[in-house]
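Below is one structure, written out as structure tokens; comments come after it.
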Amino acid sequence: MYKDFSLNDWDALIIPGGFSYGDWLRAGAIAARTQAIEKLKDAKDMHIPILGICNGFQILVEGELLPGALLPNENSKFVCRWIKTYVEKPRGPWLSLVEEKQEIDMPVAHAEGRYYVDEETYRSSLLKSPIVRYAPGHNPNGSIYDIAGVGSEDGLILGLMPHPERSSEDILAPRGFRANGKILFESLAHSLKKGW
Amino acid sequence: MSETSLHFVEVVITNKKGVKDPEGDTIHKHLILRKGYAEVLGVRTGKYILFSVNARSAEEAVKKVKEICEKLRIYNPIIHDIEVRISA
């Protein structure tokens, strides 16, 4: 039961994609004010790794656990397709096996994924943190600086719009794309055993 | 103790200057300018929320709604401006 959610029971937390509260007000805005999500602030203090995927990323930015905001896509449409991304400054438990500029292919499926951050926050804080960027020509929603995902400076908290969990089996990847999103979960498994 | 009465408080949420508003841009460019209203220099869209609040005064009702907007993040201060006003 989500009301019995206790942080002590978990080594790491993943907020998956989907829809919460019908996306009313703004995607993730109402979920960010629920009991379980408000506990994530304690999880952050306890250094428990947190990953937010798609709606999970929207919830993390609405809950102010990650900087920036996610706006309706530039073309106002739901977008569902595979895209290519690359990672900058990989660090922390979710990216411990990822190399600088490593490409990861994943599908996106969202209507509110246009990342926005003001220039000052981008320069003063984001440029020191892990960033997942859409490869040139692959930005599906008009995100500023081609940002697909951002991490906290130490990489303990990571949020991204694309779905690494749907990019973990070769049979799911269309021609021209690799199903190599599994590396986030392999990184976590590795990190929980060996540290990060 | 003073009596409370019902007050209607309007909240208008708009994208900040510098945050793109594709809906406003499309209405402006593809409808208004195309139909010849060149004097319209820009269009911004937003969200309107009407609160019905029991309060001792209009000022108190506005203050309460402002508090709700901040604390519960009815608007997102990173991307939005809000206007909170008593309904005329």
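The tail of the calculated P(r) for the range A:2-194, taken as Cα-Cα distances beyond 28 Å, holds 18 percent of the pairs. The loop-placed GluC sites (Glu not before Pro) in the range A:1-92, going by DSSP, that have at most 14 neighbouring Cβ atoms within 10 Å of their Cβ come out as A:Glu64. Taking 1.567 mPa s as the viscosity and 4 °C as the temperature, the Stokes-Einstein diffusion coefficient of the range B:1-57 based on its alpha-carbon Kirkwood radius rounds to 91 µm²/s. For peptide A:43-56, the mean count of partner chain Cβ atoms within 10 Å of a residue's Cβ comes to 0.
Label sites at A:Tyr2 and B:Arg44, each approximated as a point 7 angstrom past Cα along Cα to Cβ, lie 3.4 nm apart. A straight chain from B:Val12 to B:Arg34 at 0.36 nm per residue would run longer than the Cα-Cα distance by 5.2 nm. Restriction of the chymotrypsin sites (Phe, Trp or Tyr not before Pro) in the range B:7-88 to DSSP coil positions whose beta-carbon has at most 15 other beta-carbons within 10 angstrom yields B:Tyr37. Centroid-to-centroid, using Cα positions, the range A:176-190 and the range A:88-136 are 15 Å apart.
Hand me the tally of lysine pairs in the range A:2-194: alpha carbons under 22 angstrom apart, and the pair either on different chains or 8 or more positions apart. The number of close lysine pairs in the range A:2-194 is 19. Mean partner shielding of peptide A:60-67, defined as the number of other chain Cβ atoms within 10 Å of each residue Cβ, is 1. Show me, bin by bin at 5 Å from 0, the whole-percent P(r) of the range A:8-63 based on Cα pairs. Pair shares across the bins are 5, 21, 32, 25, 12, 5, 1.
Evaluate E = 1/(1 + (r/R0)^6) for A:Asn75 and A:Tyr145, where r is the Cβ-Cβ distance and R0 equals 22 Å; express this FRET efficiency to the nearest 0.05. It comes to 0.75.
If a paramagnetic tag sat 7 Å from the Cα of B:Ile68 along the Cα-Cβ line, which residues of the range B:1-38 would have the backbone N under 18 Å from that point? Once the point is set 7 Å along Cα→Cβ of B:Ile68, B:4-14 turn out to lie under 18 Å by backbone N, inside the range B:1-38. Placing a label point 7 Å from the Cα of A:Leu172 along the Cα-to-Cβ direction, the residues of the range A:104-122 whose backbone N falls under 14 Å of that point are A:105-109.
Taken together, the values in this text are just the output of simple stated rules run on the coordinates, not laboratory data. None of these values were measured; they are calculated from a predicted model. FYI the Cβ positions are ideal-geometry reconstructions off the backbone, even for glycines, and counts take in every protein chain you see.
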